[in-house]
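Since the structure comes first, as structure tokens, the remarks are kept for the end.
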Amino acid sequence: MNKYTLAVLVGNQFGVLNRVTSMFRRRQFNISALTVSETESNEYSRITIIFAGDEIKKKQLVDQLYKLPDVYSIKELNDTNSISCELMLVKMKNDPATRSELKAAAEAYEAKLVDYSKDSVIYQIMGSSRKMDEFINLMRDHQILEICRTGNVSLEIGGSTIRQTINL
Amino acid sequence: MKLSGADIVIRTLIEQGCDTVFGYPGGQILNVYDSLYKYQNEINHILVAHEQGATHAADGYARTTGKVGVVIATSGPGATNLVTGIATAYLDSIPMVAITGNVPNSQIGTDSFQEIDITGITLPITKHNYFVGDVKDLQKTIREAFKLAKSGRPGPVLIDVPKDVQIATCEYTPLGEVATEEKTPAKEQRIVEAAECINAAKKPFIYFGGGVISSGAQEVMSELAEKIDAPIGCSMMGLSTLPTDNQRFLGMQGMHGRYSSSMSMHHADCIIALGVRFNDRVTGNREKFARNASIIHIDIDGSELSKTVNAVHGLRGDVKLTLQKLLPLLKKSKKEKWQQMVRKFRDEEAEYLDNRDGLTPRRAILTLNKYLGEGTAVATDVGQHQMWCAQNLEFKKPRKFVTSGGLGTMGFGLGAAIGSAFGTGERSVLVTGDGSFGMNLNELATAVKYNVPVVVLIFNNGVLGMVRQWQTLFYNKHYSNTVLERKTDFVALAKAFGADGAKAQNIDELDSVLKIAFETDGPFVIDCAIDKDEFVLPMLPPGGSMDDIIVKVGD
């Protein structure tokens, strides 16, 4: 199975996210991450989807998305044509025995310490999803209290934008 | 000029060329019904017995006219009763607009009396749906709904209008009928590639569906068949597009398709699929489906291309416009060997044909054929009778076979036949089974009220025949809950509704009763006795391939 990143420009109305995710559920598309937010224009919202599947299933996903009247354009993004990143907050138990190890790992991954209390610390880390996965794996040796990830956001490099993509 | 939301609904409908709507009033749609009263000289409202019947009637109206079928219902149960009818239209790509009332905006989300989230419920069975919270958006929304319903691959659209929006007023300027989206042919490069593939084919087969009707591509498709010397088959949704006596036409193929049509498709080296999808009832086992054929698939809906079977050439575009571009690129050729093979399949089919005398299902339909005019629409319900119709009815003009192909909705037929009669302005026919008819026979009341000339031919075998057939073949004859053992007297029932009817116990009786039925002014019900152990043949077992085809059943 491959992972695909799709940026989808949709109308900024209530219920649009529901229409998109309802289609995913009905047709059983395997979505591993999804983010949605307003854009540079208040007419549009942008959905970034990480989809796991093969080329045929991905084509089907794109074709089905285009059938929704609220979808304006879709762009497939990858490592070479886009910049992607994710934000994560990790709350760890603040244990004197492991404090220095945590600190070293955080430094190596450029994680920022954003909260410090007697019992816990929170790190904020930004970057590729792979970097997040690796950092979590490292933290598993210690006591993770909770994790929150935003999911991927991606933008195409260079001057072209998703709004210039022809809806076909 | 300032108009109320309810008036805007009706005026906008009239502007869309809508002359007939089907529906049922109720508390939260009262204002729209008040406007229907006001505009009754410009728009005709047909009151049904149950909202489901209204959707099937609007659907039958749409299938026979090509126009958008319109249905109106109240909130809550009125709206939920539309669901099966909307889903039926969705699966068969029928243009429909459903308008529902809802509780006032201030009460939305509070579970008030007869409040239901119908936009949520119909999300996966509509092309799109709208909740109109503001009267200012009403005209624009209805126009958009009509545009969506009839553009591209047609389908149903629902508009939910809260009561306060029907009451509120706003400025209204008539804007006329909304245009459909412009149709476009497939990309030129794709057409060129497909032409090369067709020119190289020795055994081409044209397989088409309902998309050819919506696109109006039947003539150019016939030209294509002539030019490349190809036989033609279709899905059930394609039936009535070509006259049954067309020399190249082999009929429906698939699970209960005609033998020659299914065999020709199976042995083709190139399948040209037009406005059709490769549904499981068509392909059977997809691994074994037409293994030696390159599939060229032309459809206006890109998501259908390679959805279930891989198309070597997938062409997204309007079928008619694409074929018009494709045709000049094709070499005219004769394919004598292939035609010989097709003739052989036809001869074999003739041997398998059920030629028994007496009141057999096939004889019954052949008898019905004698009474069908060019303009007579035949609706069906779902089950064995539907397949016997698909195999044996004779069609002369497109849009005359009205059947639930995709969803397979039992109870579809009576509403659909009534809607068809309104659509064509002619007598319509419903062929049904006693099981299916039992589901929505309440619409007899509607047929009587409006004196709709509809001939209802019930194949009465006292069982749920199609399910029974499966139980016979695949479930060790365990007839679990398929024996009806009802004592319904359908003739007395027809009379109780104020219609007329008669029994037919043998083929001569059927003939004479049909004669009376087709001369009757208004609905006429025929209770036709059919043996419970009749089979629909041929049959491809579910998940089977042409190697597994059952053409005769041993004792």
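The values are calculated or read from the model by the stated rules, or taken from the named source; none is laboratory data. For clarity, every value in this text was computed on a predicted model and none was experimentally measured. No Cβ is skipped: glycine too gets one built from the backbone with ideal geometry, and neighbour counts run over all protein chains shown. Accessible surface areas use protein heavy atoms only, side chains included; no ligands, DNA or RNA. Shrake-Rupley method; radii C 1.70, N 1.55, O 1.52, S 1.80 Å.
If R₀ is 22 angstrom, what is the calculated FRET efficiency for the pair B:R291 and B:K344, using the beta carbon separation as r and rounding to 0.05?
Efficiency, rounded to the nearest 0.05: 0.65.
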> Can you pull the percent of chain B's accessible area that's carbon plus sulfur, 1.4 Å probe, other chains left in place?
Replying inline: 49
> For the protein assembly as shown, what proportion of DSSP beta bridges, expressed in % and rounded to the nearest 5, is antiparallel?
Replying inline: 45
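Per-residue Cβ counts within 10 Å, from other chains only, averaged over B:129-137: what number is that?
1
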> Name the GluC sites (Glu not before Pro) in segment B:208-305 that are in a loop by DSSP and that have at most 10 other C-beta atoms within 10 Å, would you?
Replying inline: B:E287
> What are the trypsin sites (Lys or Arg not before Pro) within segment B:22-120 that DSSP puts in a loop, where the Cβ has at most 10 other Cβ atoms within 10 Å?
Replying inline: none
> What trypsin sites (Lys or Arg not before Pro) in segment A:104-168 are in a loop by DSSP, with at most 10 other Cβ atoms within 10 Å of the Cβ?
Replying inline: A:K118, A:R140
> Could you give the accessible area per residue of the protein assembly as shown, probe 1.4 Å, as a whole number in Å²?
Replying inline: 43
>> Please list, ordered by chain and number, the residues whose modelled amide H lies under 5 Å from the amide H of B:H45; skip anything fewer than 5 residues away on the same chain.
In response: B:V21
> Taking the simple approach of a point 7 Å from Cα along Cα-to-Cβ for both B:D548 and B:L30, what is their distance in nm?
Replying inline: 5.8
> Which value, in square angstrom to the nearest 100, describes the accessible area buried between chains A and B on both sides, using a 1.4 angstrom probe?
Replying inline: 1200
>> If the only charges are +1 at each Lys and Arg Cβ and -1 at each Asp and Glu Cβ, what is the size of the charge dipole of chain B around the Cα centre, to the nearest 20 debye?
In response: 1440
>> Amide H of B:L315 versus every other amide H placed in the peptide plane: which residues, excluding those fewer than 5 positions away on the same chain, fall under 5 Å?
In response: B:H297, B:I298, B:D299
> For the pair A:T21 and B:D280, how long in nm is the line joining their label points, each one 7 Å along Cα→Cβ?
Replying inline: 2.8
> If R0 is 22 Å, what FRET efficiency do you get for A:D95 and A:S128 from their C-beta distance, rounded to 0.05?
Replying inline: 0.20
> What residues does segment A:67-82 have that are buried by at least 10 Å² of accessible area in the full protein assembly compared to the chain on its own, 1.4 angstrom probe?
Replying inline: A:K67, A:P69, A:D70
> About its Cα centre, how strong a charge dipole does the protein assembly as shown have in debye, to the nearest 20, once Lys and Arg get +1 and Asp and Glu get -1 at the Cβ?
Replying inline: 1340
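Measure off, as a whole percent, the carbon and sulfur share of the 1.4 Å-probe accessible area of chain A, all protein chains present.
On chain A, the fraction of accessible area on carbon and sulfur atoms equals 51 percent.
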>> Rounded, prolate or oblate, given the Cα gyration tensor of chain B, with a/c below 1.5 counting as rounded?
In response: oblate
> Dipole of chain B (Lys/Arg Cβ +1, Asp/Glu Cβ -1, origin at the Cα centre): which of B:S106, B:L148, B:S215 lies farthest to the positive side?
Replying inline: B:S215
>> Using +1 at the C-beta of Lys and Arg and -1 at the C-beta of Asp and Glu, which of B:I550, B:G501, B:L540 has the Cα lying farthest in the positive direction of the dipole of segment B:438-555?
In response: B:G501
> ³J(HN,Hα) across segment B:257-263 via Karplus (A = 6.51, B = -1.76, C = 1.60, θ = phi - 60°), whole Hz, x for Gly/Pro?
Replying inline: x, 5, 4, 5, 5, 5, 5
> How would A:C85, B:C18 rank on accessible area, largest to smallest, probe 1.4 Å?
Replying inline: A:C85, B:C18
> Using θ = phi - 60° and the Karplus form 6.51 cos²θ - 1.76 cosθ + 1.60, what ³J(HN,Hα) does each residue of segment A:60-71 get, whole Hz, x for Gly and Pro?
Replying inline: 4, 4, 5, 4, 5, 4, 5, 6, 7, x, 7, 8
>> Give me the one-decimal nm value for the distance between modelled label points at B:K332 and B:V192, 7 Å along each residue's Cα-to-Cβ direction.
In response: 2.5
> R0 = 60 Å: FRET efficiency of B:E177 with B:S512, Cβ-based, nearest 0.05?
Replying inline: 0.80
> Per-residue mean of other chain beta-carbon atoms within 10 angstrom of the beta-carbon, peptide A:53-60?
Replying inline: 2
> What does the helix-only formula give at 222 nm for chain B: each DSSP H stretch with n ≥ 4 adding -39500 (n - 2.57), the total divided by the residues, and the result rounded to the nearest 500 deg cm²/dmol?
Replying inline: -10500 deg cm²/dmol
> Can you list residues whose amide H is under 5 Å from A:L145's amide H, if they're 5+ apart or on another chain and H is modeled 1.01 Å from N?
Replying inline: A:K91, A:M92, A:K93
> Karplus couplings for segment A:19-25 from phi (6.51 cos²θ - 1.76 cosθ + 1.60, θ = phi - 60°), rounded to Hz, Gly and Pro as x?
Replying inline: 5, 5, 6, 5, 5, 4, 5
